[in-house]
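What follows is a single structure, written as structure tokens, with notes after it.
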Amino acid sequence: MLKDTLLYLARNQQLQNFTVQNGAARRIARRFVAGEALNEAVEATRVLNRRGIQAALDHLGENVTDEKEARAAANAYIAAIDLIKQSSIDANISVKLTALGLDISQNLCEENLHAILGRANSYPIFVCVDMEGSDYTEKTIDITLRMHQKFEHVGTVIQSYLYRSKKDVEQLITNGVRVRLVKGAYKEPHPIAYQSKSDVDYNYMLLMKMLLARGNFPAIASHDQAILDAARKFV
Ligand SMILES: Cc1cc2nc3c(=O)[nH]c(=O)nc-3n(C[C@H](O)[C@H](O)[C@H](O)COP(=O)(O)OP(=O)(O)OC[C@H]3O[C@@H](n4cnc5c(N)ncnc54)[C@H](O)[C@@H]3O)c2cc1C
């Protein structure tokens, strides 16, 4: 239920505006989002850095249908990269390919991503390509692998609810691409994805061990205490 609500919020601009303007909604969103303006994000990051924690900055929104919006999103990501450098904070950024125009044209999306990675690599600041719904899985992995041949500081996300993920993790490990492992935030159907928490968790543990043993600086992204305890025990 919470998953559905958050996905709906992310896709609905009117509701996003409501979320940042309405006090109660804002408090709920704060559980998931540290700050909606770049300056706020920098301050939130400083607090985390003082506790020895690195932050990931994300520009909210996905599935743009207009080229101008896609280019504006790319510029927002580049501004965030510059600000990370200027503020000397310890942070990386996460980008969504559909925010960069993947639904409009793959060329446009890759052009935007190339510009972001060019700037990020010059500092260098790590960029993680978020994983979205399963319609985008193949393209996200292909684009990340191709960009990684030119830009070392790019990685992507693998979702443990997808049956295909073991093969994808193998391929990313072989190519030295950094992986953030998550359970998956979208609603995916039975033919391609595990449906029960126990199956998703079991696969998470399996993929986590592969990545911790042989991966390039993997990120174990979960709020699940059992998973976090198992990761600590494994390393
Ligand atoms: C850093 C990061 C990046 C992510 N990137 C992606 C991505 O690119 N693509 C994608 O599909 N998904 C992404 N996700 C979301 C992920 O797929 C899961 O939907 C989400 O993390 C919830 O799963 P869980 O591993 O925390 O375990 P769950 O089994 O869902 O939850 C375990 C416990 O944690 C609690 N919990 C769950 N969520 C939160 C929360 N936000 N805050 C506090 N407690 C919580 C639950 O109440 C439960 O008790 C990301 C998550 C994180 C943390």
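The values are calculated or read from the model by the stated rules, or taken from the named source; none is laboratory data. Quick caveat, the model's predicted, so the values are computed rather than measured. For neighbour counting, all protein chains shown are included, and Cβ atoms are generated from backbone atoms with ideal geometry for every residue, glycine included. All accessible areas refer to the heavy atoms of the entire protein, side chains included, with ligands and DNA or RNA removed. Shrake-Rupley method; radii C 1.70, N 1.55, O 1.52, S 1.80 Å.
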Against the conditions (1) touching a Pro at 6+ places or on another chain (Cβ under 9 Å); (2) over 23 Å from Ala70 (Cα atoms); (3) buried (at least 18 other Cβ atoms within 10 Å of the Cβ), where does Ser134 fall short? Just the number, please. (2)
Which members of segment 154-197 meet the condition of being part of a loop (DSSP other than H, G, I, E, B), open to solvent by 70 Å² or more (accessible area, probe 1.4 Å) and closer than 12 Å to Ile141 by Cβ? Asn175
Could you please find all residues in segment 207-235 being assigned to a helix (DSSP H, G or I), surrounded by 14 or more Cβ atoms within 10 Å (Cβ to Cβ) and within 15 Å of the ligand (Cβ to nearest atom)? Leu207, Met208, Leu211, Ile227, Ala230, Ala231
